[in-house]
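Notes follow the structure.
The values are calculated or read from the model by the stated rules, or taken from the named source; none is laboratory data. Bear in mind that the values here come from a model prediction, so they are computed numbers and not experimental data. Cβ: placed from backbone, ideal geometry, glycine included. Neighbour counts: every protein chain shown.
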């Protein structure tokens, strides 16, 4: 046995001397090329690191293969021999699957079956390097049939990238950003502070007319899928929304529902903390794509009434006041001008980034300048009015878990008959239901009582205002009659002066 082992060691030494490592590697490569020539398959390697940069395609493939749909189909097609790893990344709300080292998984795209292999090998020991590489060399090998090469390269890889972006938005928790005064705006820091956005509002729970919700959702869907359309038409990939109406009508809830529906982050821009137009542009440059930029109560944030008035200082025009770097009329602090805000929403700087939605809210739309309301800046105007019957039924379902068919028809007709005239906000309805959420019957009875009480008060107010208006009109008529009686011309006519004067003018004309 010892002599046999010695003979094998001697032969190995002879082979290493006759066939050096370089020759053996060349022979392996030659055999591999010959196998590829006669093979019906073709292979593509996607490494984790491309030179010194991270390969984004590798991350996209890894995320795509970790999706539950792909994993479930792959497991069933692999006779349950595929080993999967479970991971949960930061800012993620779900557990994802992944391929274990050197394992395989199949996928089907448009009838074409492909094979993915997760290749992990140990990297050779490194000498001194300014940028140390990972100990393991990771990558994916894609095996396809040669006749399917065009389909895979033209469509499949783009499909994987798009699907991975969708999965990433769905898994990652959204962030809510806000700006603050005094934050450095240089290129090395971020001027936005963020927290996790966990608002539960969705379009299903939003108290709004169903037809209006449907139109908004369709508009958002067309916007999110409209990259090719915006590029073709030469427009910046952005959209503007104006939400206006009384307080408590659900404007903030609609913004949260939009963010949850699209999977976008929210940038809550506080204009009173922005010092000038230049800082406003820098804040815009630091926002990410796929986001909602929200400016709430726009009519209370800055002065929008002095557009067109050129400001002066000591009798001379001051360019600093024109471009928003200072102000004599506005209080100390923010000096953002309407011109700066218009450039922010629809100027050249608005195209920095893509797939962003500007959302403005106000309680008094009549206070806004017409230049801010036009299409291109505020494309979609959504009136958030008082609670209607359809919205009331949604609130009953949300808070009391009561469907329309489970309620008394007489009570429903009572609510339908008075909810419009009551002019009650969804916030007020929600408070009544929350207060009595443990007893659905009591909550409905109290809500009907509140609606009827509001109807009585409103009718009383309408009657009083009508009476005051009629009294005012009567007083105005009496005042007009009094002024007519007290006028000099009226006195001349009454005492015959006007008549005599007319006769004298006639006699003068005859002469």
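Quick notes
- The number of residues in region 207-230 being farther than 12 Å from residue 262 by Cα, surrounded by fewer than 16 Cβ atoms within 10 Å (Cβ to Cβ) and touching a helix residue (DSSP H, G or I) at 6+ places or on another chain (Cβ under 9 Å) comes to 4.
- Test: residue in region 251-262 that is under 24 Å from residue 368 (Cα atoms) and assigned to a strand (DSSP E or B): no
- Every test in (1) outside any helix (DSSP H, G or I); (2) over 14 Å from residue 379 (Cβ atoms) is passed by residue 239 save one, and that test is (2).
- Number of the exception - residue 470 against (1) over 30 Å from residue 204 (Cα atoms); (2) at pLDDT 85 or above: (2)
- Counted as qualifying within region 366-477 are the helices (runs of 4 or more DSSP H) with 3 or more residues that are without any contact (Cβ under 8 Å) to a residue 12 or more places away in the chain and either at negative phi or out of contact with any helix residue (DSSP H, G or I) (no Cβ under 9 Å at 6 or more places or on another chain) (or both), namely 409-422.
- Residue in region 337-348 that is surrounded by fewer than 17 Cβ atoms within 10 Å (Cβ to Cβ), modelled with pLDDT of 75 or more, within 16 Å of the chain's Cα centre (by Cα) and in the same structural domain as residue 278 (by TED's automatic domain parsing) present: no
- Residue satisfying condition, being touching a helix residue (DSSP H, G or I) at 6+ places or on another chain (Cβ under 7 Å) and surrounded by fewer than 16 Cβ atoms within 10 Å (Cβ to Cβ), within set 233, 249, 272: 272
- Test result for residue 323, surrounded by 13 or more Cβ atoms within 10 Å (Cβ to Cβ), modelled with pLDDT under 85 and either farther than 16 Å from residue 344 by Cα or over 18 Å from the mean Cα position of the chain (by Cα) (or both): yes
- Among (1) touching a helix residue (DSSP H, G or I) at 6+ places or on another chain (Cβ under 6 Å); (2) at pLDDT below 80; (3) surrounded by 15 or more Cβ atoms within 10 Å (Cβ to Cβ) - the single one residue 94 does not satisfy: (3)
- Lone unmet requirement of (1) more than 17 Å from residue 299 (Cα to Cα); (2) at pLDDT 85 or above for residue 354: (2)
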